[in-house]
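Below: one structure, written as structure tokens.
The values are calculated or read from the model by the stated rules, or taken from the named source; none is laboratory data. As the structure is a prediction and not an experimental result, all values here were calculated from the model. Every residue, glycine among them, receives a Cβ derived from its backbone with ideal geometry; neighbour counts consider all protein chains shown. The area values use the complete protein model at the heavy-atom level, side chains included, leaving out ligands, DNA and RNA. Shrake-Rupley method; radii C 1.70, N 1.55, O 1.52, S 1.80 Å.
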Amino acid sequence: MSDRTIRVLIAKPGLDGHDRGAKVIARALRDAGMEVIYTGLRQTPEQIVAAAVQEDVDVLGMSILSGAHNTLFPKVTALLKEQGVDDVLVFGGGVIPDEDIPFLKGHGIEAIFTPGTSTEDVIAYIQNNLKR
Amino acid sequence: MADLREQFAAWSAKVQKGLEKHKERKEVFLSGGGAEVKRLYTPEDIAGIDYLTDIGFPGQYPYTRGVQTTMYRGRLWTMRQYAGFATAEESNKRYKFLIEQGSKGLSVAFDLPTQIGYDSDHHLSEGEVGKVGVAIDSLKDMETLFDGIPLDKVSTSMTINAPAAVLLAMYIAVAEKQGVTPDQLRGTIQNDILKEYIARGTYIFPPSPSMRLITNVFEYCSKEVPQWNTISISGYHIREAGSSAVQEVAFTLANGIAYVEAAIAAGLEVDDFAPRLSFFFNSHNDLLEEVAKFRAARKLWAEIMRDRFGAKNPKSQALKFHTQTAGCTLTAQQPDNNIVRVTIQTLAAVMGGTQSLHTNSRDEALALPTEESVRIALRTQQIVAYESGVADTVDPLAGSYYVESLTAQIIEGAKAYIERIDQLGGAPKAIERGYIQQEIMDSAYHYQKSIESKERIVVGVNQFQIEEEPPKGLLRVDPAVEVMQKSKIAELKAQRDSQKVAELLKALREACNSDENLMPYILEAVRAYATLGEICQVMRDEFGEYVAAAML
């Protein structure tokens, strides 16, 4: 890991309007010295991937509390692959049942943080798992 | 009082000495809402409060002690469980189950596409159909949803905001088919767009046409659906987004002020619509602070309505509210502990004088609740109602030095916020500038930090953890629901008189560009089985769409 600032995109895919968690994480990452871009609500997978590419981020974190994670998270990772992006660390968070986690990991969402996760754990995870 | 002061000082000095040996558990004690809590409250803390003018009697101005004279001695609060998922058929079954279990009112949860005005076959609906509520695409689905439920016998609350006028029209149309006239209908639509911009996110149109739709509903219902609560001004989601108790009261009432102002500006008389305004608050963990919060909200609203808007009808001054226990306090860890949290929150809502209550289920931090969890949640209310004794006297905590002092403190804090919002030009302007969102975000962040620093203990999360097996038997929505809804729409469009639908949508489009009330046009379109998505698309075309600024 170099000394340059870690760039993170925090995104809200789908129609879910609950972004307390996304914003708290974004702010904690910023306080930890990362550069954080937040997409705001209701982003399509296409918009999220375009933002990730354009902002040249190292990390993409997505949050869904509506239950649409199995549809939308894999769509984002598939689009990233299509664009030839393979060095962005992708993680997800929200109300996600444990039994869905293996499926999501199989689709390139490398970590899933569920309710009760400390922001320090997320920060440490990012610092230890960067791909570039 | 001089005597008291003297003895209190002597007592404090003694305590101070003792503290040198045995420190208190914390340097500073903070309430759930982040306010500093003193060691002891005495008559001195309520010396500025006058019983007759500040507290008074239940059912009378300023309504601090409650909006009805006998409160739960007359009739218990309405136990109303928010429910809805998958298809109208599935949800209809859950409603019948709830009614069998003793639930007295229905509360409909819609899925996100419905809440944002997209049909199930819209590309943005992918993955969301039937997930957080029931999918309603047309009057057909609504007929199924209430099949076998007599709409003149139940009261129904619908959590619907941007397209509230459309869903209300569907409800009226279903009632017509049952032979029930609109004047017999009782219930509530949330219809509170301002908190969507602030905290909940299911907006469609920009503020100005949204406010028009809301005042159109006020006007229409005051004539045609007189028993209907035309708005539920919601602090619930503001609190869920992380606000403090004071902020919840302040921002909710500031939104309330904006709706009253909009309706008056549209030419309505305050006492014609204000009796049908209702509120919706959160019941969080800090029992005594929450009770004080409900009391504070009632008194402050009564003052605002009487003094700011000159409302004369007592019903315009009395703040009636629904409560839901705080979803954000539920933990995914040791989920059975949530039953206890919900019990505390239930006590707060009841001792705070709520008119109706939803109790959350223990598994909601994990998934949608199962039937068993919902039953426990409802039983929690029934135990508080029938076994705890707290419902047997009105406003049982009045006169507590702490609760009265807290009530006054919350009123004062909320007034200061409302003044600040007035200076910014009112709630819509304050939202546009991001002021309200920023204040909430700051509170949410501090709350999270206080958990991580263990200043706040959350049992099972940052203390008293155990190794747990992943929970089993969670409710899942079948992905086939999306496919089914899509085919239902295709079938409907093949069967209905689409020529007529097109004409009615054209009439609605023209009405959007006039200053006519839109409700009759929406109702006509709904009756002809225009879909929710078609109706909202017409309004999207004419009104435009709101785009929120992404703020951290």
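Listing for the model above:
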item: Any hit, segment B:354-377, residues being at pLDDT 95 or above, hydroxyl-bearing (Ser, Thr, Tyr), farther than 22 Å from B:GLU100 by Cα and part of a helix (DSSP H, G or I); result: no
item: Residue check for B:TYR51: open to solvent by 10 Å² or more (accessible area, probe 1.4 Å), at pLDDT 95 or above and within 14 Å of chain A (Cβ to nearest Cβ); result: no
item: When residues of segment A:1-40 are limited to those that are in contact with an Asp or Glu (Cβ under 6 Å, 6 or more places away or on another chain) and open to solvent by 30 Å² or more (accessible area, probe 1.4 Å), the one farthest from A:VAL95 (Cα to Cα); result: A:THR5
item: Top-ranked residue in segment B:425-448 [being assigned to a loop (DSSP other than H, G, I, E, B) and open to solvent by less than 20 Å² (accessible area, probe 1.4 Å); ranked as modelled with the lowest pLDDT]; result: B:GLY434
item: Residue that is nearest to the other protein chains (Cβ to nearest Cβ) [pool: residues in segment A:26-60 that are out of contact with any helix residue (DSSP H, G or I) (no Cβ under 6 Å at 6 or more places or on another chain) and in contact (Cβ under 8 Å) with a residue 60 or more places away in the chain]; result: A:LEU29
item: Single match in B:LEU368, B:LEU347, B:LEU378, B:LEU357 (criterion: touching a residue at least 12 places away in the same chain (Cβ under 8 Å), more than 14 Å from chain A (Cβ to nearest Cβ) and touching a Leu at 6+ places or on another chain (Cβ under 7 Å)); result: B:LEU347
item: Residue list for segment B:197-208, restricted to those being outside any loop (DSSP other than H, G, I, E, B) and open to solvent by less than 20 Å² (accessible area, probe 1.4 Å); result: B:TYR197, B:ILE198, B:ALA199
item: Residue identified as acidic (Asp, Glu), under 27 Å from B:ASN285 (Cβ atoms) and out of contact with any Ser or Thr (no Cβ under 7 Å at 6 or more places or on another chain) among B:GLU469, B:GLU452, B:GLU524; result: B:GLU469
item: Unique match (being within 16 Å of B:VAL350 (Cβ to Cβ), touching a strand residue (DSSP E or B) at 6+ places or on another chain (Cβ under 9 Å) and aliphatic (A, V, I, L, M)) among B:ALA297, B:ALA292; result: B:ALA297
item: Pairs, first more than 11 Å from every other protein chain (Cβ to nearest Cβ) in segment A:97-117, second modelled with pLDDT under 95 and outside any helix (DSSP H, G or I), C-beta under 6 Å, six or more apart; result: A:ILE112/A:ILE96
item: Scope segment B:386-397; condition of a type in the set (A, V, I, L, M, F, W, C) and either within 14 Å of chain A (Cβ to nearest Cβ) or crowded, with 18+ Cβ neighbours inside 10 Å (or both); matching residues; result: B:ALA391, B:VAL394, B:LEU397
item: Test: residue in segment B:520-527 that is on the phi > 0 side of the Ramachandran plot and either within 14 Å of chain A (Cβ to nearest Cβ) or hydroxyl-bearing (Ser, Thr, Tyr) (or both); result: no
item: Any hit, segment B:260-279, residues being under 19 Å from B:ALA430 (Cβ atoms) and in contact (Cβ under 8 Å) with a residue 60 or more places away in the chain; result: yes
